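Comments concern the structure below.
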Amino acid sequence: MPTLENDHPTQTEIIVTGFGGQGIILAGKILGMSASLGDHKESTLVQAYGPESRGGACNAQVIIADRPIHYPYVQTPIILIAMSQAGYDKFSGQVRKDGTLLIDQDLVPISEAPCPFYGIPATRMAEKLGNKMMANIIMLGFTTAITQVVSIPAAKKTISQSVPKGTEERNIQAFSKGYDYGLSTLKGQERRAAGQPGAIAQ
Amino acid sequence: MKHSSQTKIILFLCNWGAHAAYQTLQDELRAIPDQVHMIRIPCTGRIDRALLLKAFAMGADGVALVGCDPGTCRYGAGTTAAQRNTTDTGKILELLGLGKERVRFATVLPEESEQLLAFLHSFLDDLVRLGPSTIQQQPAVAELELAVDSDQRLQQIIAAHDIHACQDCGKCSSACPLALIGKPFSARGIATAVINGELHQESVRENVWSCLTCGLCYERCPSAVNFPAFIQELRHLYRQKQSQGDESHGGFLHSLMRSMASAELKPKRWQNLPEKLRIDQESTTLFYGGCAPYYDIFFGKHLDVQTEKILFDAIGLLNFFDVFPRLLDDERCCGHDLLCAGDKDHFQKIAALNGERLNNLGITTMITSCPECYQTFKSTYPAQGIELNFEVVHLYDFLEQEIDRSAVRFTPLDRRLTFQDSCRLARLENRAELPRQLLNRLQPASYEEMQDSGRAAICCGNSGWIGCDTYSKAMQVKRLEQVRATKADLLITACPKCQIHLKCAMEDPFRLDTPSVEMLDLTSVIAQTISWK
């Protein structure tokens, strides 16, 4: 168990935002549950109730920490997951400069952001997998690969327990798809940094 | 091991200058080596590359062309042509692992008999030092099978391919690109004639050898008569009766492929591999190249085609996705064209050699970018009883799978595209959708299908390097007209042969009005435009 004497900042603050109906709250819930039940950390979730849960911008605020969390609201997220332009507009000003921004690149078409950002065509990939409701799970896989905020077994186990019965396998597949894409994004960045972005050697 | 007395040198000797020198040697009873088999010819320039290679395919250890000094050729360009042919054939021999020293060109004046004798002796010495050629002499026809009653065999073929199911409805003729271009050719006509016992009539024979085996008739046939397979069997039957089809390009490519049926031949196939490409000879993934480097040497004489570059782009793409494939330096031909030309005997020899070699490599996957290699290894080998213990994957399948799960993008390509389907991939392997999945990922200015596309696409004019004639050329022109109708400025291809054949039509000096369009293989287009996000 982490002790109170541990004064390293071990608290990861996350905001997941998007349209109501995209499964934003579920994504937040899976993140938090994976961290607490799977990875045996502490976590909190604050859901945005109200009219936004019927469409428009909604959000889930998640905190994952190695020690008890005293205040569950997120002011300056270090990870922002944005699946709608409205959500991005609302929260992008709050994200930390050293944070990580993860977007559905088709829904949030930006070319620059206040912090390093990574895009994935999550909704398009989900449609190809047969159900666009799985975009949130793809996004979770992508987030896990880029930020390693939760472990893979914990995420997969929580997903299996959280999604509707009968769709477990497809959702795990969606998670892996997002995860692979995330790894591939990191690899691509390395290649670009090494000056080898294409197939034909420069 | 052959003794030096068994070394065979074929000496092609120009009638004008060189032969006089040779006669002097004979008159003076000089010791011309017994190993030299002299053939007197009108001009060394007329011994084309097909004849040079054929000498090797038939068991020669060395071939010498002796003619006249440049400028003294009676016909003007003979010496230049002979030098070019010798160089090209030397390059091919290098790739085959025989060494370019085995084919030589020399010039002598009539009075230089001593020089001629010295040349022959030094050539013989060199050949003895090199050892015998690893090509075993290839009989034109396997004598064994001739014993089988061909009538009985014909009845078996008719039964096996269910030719009696032909309803004589004519759907095949209405689709056949040869018939549509005006050639007196009929698929159902062949079927009826064969049933009626007219197999050996001249018109039937001509038709059987002209068939493109493109599979369009099979595609349309309501009785599902597999015509391409039937044609291959009939061609095999003809070959057993010593009746050979019209092999294009002087039979050069067939001689090349037959040579590869020799067990001891050890080609050195990957000599031009660029250094920047990474390979790993321990890898369990093999990349199979195919015949492209041979094509480039042979067709480079008239056409500007660089089909080997497609293979390098393919390996570049594998590297891009962190696959560092194994390459077989002694890679042989897959045998596709031999089987297509009815030469089942040599096909089976090559297939057996390939099967044994490949199955012992310990690989799990073979990736190829050639549609013919793909079809042959994936479908034909198992159908002919040669099981492979690894998976055969087309490069496009690999790319589609990798691109689908990777964070890659395609740089916009400011070209108007259209696509020439490969008959083997689109129809015979039923994968017309596969290249299109990749094409859809590109970012061109525009993409438009030709009038006949996908499973209905028409052929590039020839397959298996047989029976190329004016109708083949007319088909190519028709295809290029279809390209022009799409307003495309870049024609994407999926088979090296499509490039060679369509290029031939474009560069035909007798058809200057033929539409010309730049061509690139799909593999190369992807390699040029893909990048990490």
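Structure data summary
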quantity: Hey, A:Lys128 buried (at least 21 other Cβ atoms within 10 Å of the Cβ) and within 14 Å of chain B (Cβ to nearest Cβ) or not; calculated: no
quantity: Of all residues making up the range B:221-248, the number that are closer than 16 Å to B:Phe347 by Cα, at pLDDT 85 or above and in a loop (DSSP other than H, G, I, E, B); calculated: 0
quantity: Hey, A:Ile152 in contact with a strand residue (DSSP E or B) (Cβ under 7 Å, 6 or more places away or on another chain) and more than 10 Å from chain B (Cβ to nearest Cβ) or not; calculated: no
quantity: Members of the range A:108-125 found to be of a type outside the set (A, V, I, L, M), under 20 Å from A:Glu190 (Cα atoms) and within 13 Å of chain B (Cβ to nearest Cβ), listed by number; calculated: A:Ser111, A:Phe117, A:Tyr118, A:Gly119
quantity: Any hit, the range A:22-35, residues being touching a residue at least 60 places away in the same chain (Cβ under 8 Å) and in a loop (DSSP other than H, G, I, E, B); calculated: yes
quantity: Residue list for the range B:270-323, restricted to those being more than 14 Å from the chain's Cα centre (by Cα), acidic (Asp, Glu) and more than 14 Å from chain A (Cβ to nearest Cβ); calculated: B:Asp280, B:Glu282, B:Asp304
quantity: Test: residue in the range A:60-83 that is modelled with pLDDT under 90 and in contact with a helix residue (DSSP H, G or I) (Cβ under 9 Å, 6 or more places away or on another chain); calculated: no
quantity: Filter result for the condition that a residue is under 23 Å from B:Arg427 (Cα atoms), within 14 Å of the chain's Cα centre (by Cα) and modelled with pLDDT of 95 or more, over B:Pro382, B:Pro371; calculated: B:Pro371
quantity: Residue that is in contact with a strand residue (DSSP E or B) (Cβ under 8 Å, 6 or more places away or on another chain) and either farther than 26 Å from B:Gln443 by Cβ or not polar (S, T, N, Q) (or both), where the choices are B:Lys478, B:Lys497, B:Lys533, B:Lys473; calculated: B:Lys533
quantity: Segments classed as helices (runs of 4 or more DSSP H), wholly inside the range B:460-533, with at least 1 members that are within 14 Å of chain A (Cβ to nearest Cβ) and of a type in the set (D, E, K, R); calculated: none
quantity: Failed item in (1) surrounded by fewer than 22 Cβ atoms within 10 Å (Cβ to Cβ); (2) among the acidic types (Asp, Glu); (3) within 14 Å of chain B (Cβ to nearest Cβ), with A:Glu168 passing the rest; calculated: (3)
quantity: Among (1) within 14 Å of chain B (Cβ to nearest Cβ); (2) crowded, with 16+ Cβ neighbours inside 10 Å, the one test that A:Ala194 misses; calculated: (2)
quantity: Criterion (within 15 Å of B:Gly215 (Cβ to Cβ) and free of Cβ contacts under 8 Å to residues at least 40 places away in the same chain) met by exactly one of B:Ala175, B:Ala193, B:Ala187, B:Ala179; calculated: B:Ala179
quantity: Matching residues, the range B:429-485, being in contact with a Gly (Cβ under 7 Å, 6 or more places away or on another chain) and closer than 24 Å to B:Gln528 by Cα; calculated: B:Ala432
quantity: Unique residue being surrounded by fewer than 20 Cβ atoms within 10 Å (Cβ to Cβ) and within 14 Å of chain B (Cβ to nearest Cβ) when the list is A:Gln94, A:Gln105; calculated: A:Gln105
quantity: Strands (runs of 3 or more DSSP E) completely within the range B:348-459 that count 3 or more residues being within 30 Å of B:Leu178 (Cβ to Cβ) and more than 14 Å from every other protein chain (Cβ to nearest Cβ); calculated: B:413-420
quantity: Among (1) more than 10 Å from every other protein chain (Cβ to nearest Cβ); (2) at pLDDT 95 or above - the single one A:Ser176 does not satisfy; calculated: (1)
quantity: Pick from the range A:182-191, criterion free of Cβ contacts under 8 Å to residues at least 24 places away in the same chain and not hydroxyl-bearing (Ser, Thr, Tyr), ranking: nearest to the other protein chains (Cβ to nearest Cβ); calculated: A:Gly188
quantity: Cross-chain or 6+ apart pairs with Cβ under 9 Å, the range B:453-473 first and touching a residue at least 60 places away in the same chain (Cβ under 8 Å), then in a helix (DSSP H, G or I) and among the acidic types (Asp, Glu); calculated: B:Arg455/B:Glu219; B:Ala456/B:Glu219; B:Ser463/B:Asp337; B:Ser463/B:Glu372; B:Gly464/B:Asp337; B:Trp465/B:Asp337; B:Ile466/B:Asp337; B:Gly467/B:Glu206
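Every residue, every condition in (1) in contact (Cβ under 8 Å) with a residue 24 or more places away in the chain; (2) outside the structural domain of B:Asp452 (by TED's automatic domain parsing); (3) surrounded by 16 or more Cβ atoms within 10 Å (Cβ to Cβ), yes or no:
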residue	(1), (2), (3)
B:Phe347	yes, yes, yes
B:Leu358	yes, yes, yes
B:Ile367	yes, yes, yes
B:Tyr374	yes, yes, yes
B:Asn389	yes, yes, no
B:Thr418	yes, no, yes
B:Gln437	yes, no, no
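The values are calculated or read from the model by the stated rules, or taken from the named source; none is laboratory data. Here the structure is a predicted model, which means the values were calculated and not measured. Glycine gets a Cβ as well: all are built from the backbone with ideal geometry, and neighbour counts include every protein chain shown.
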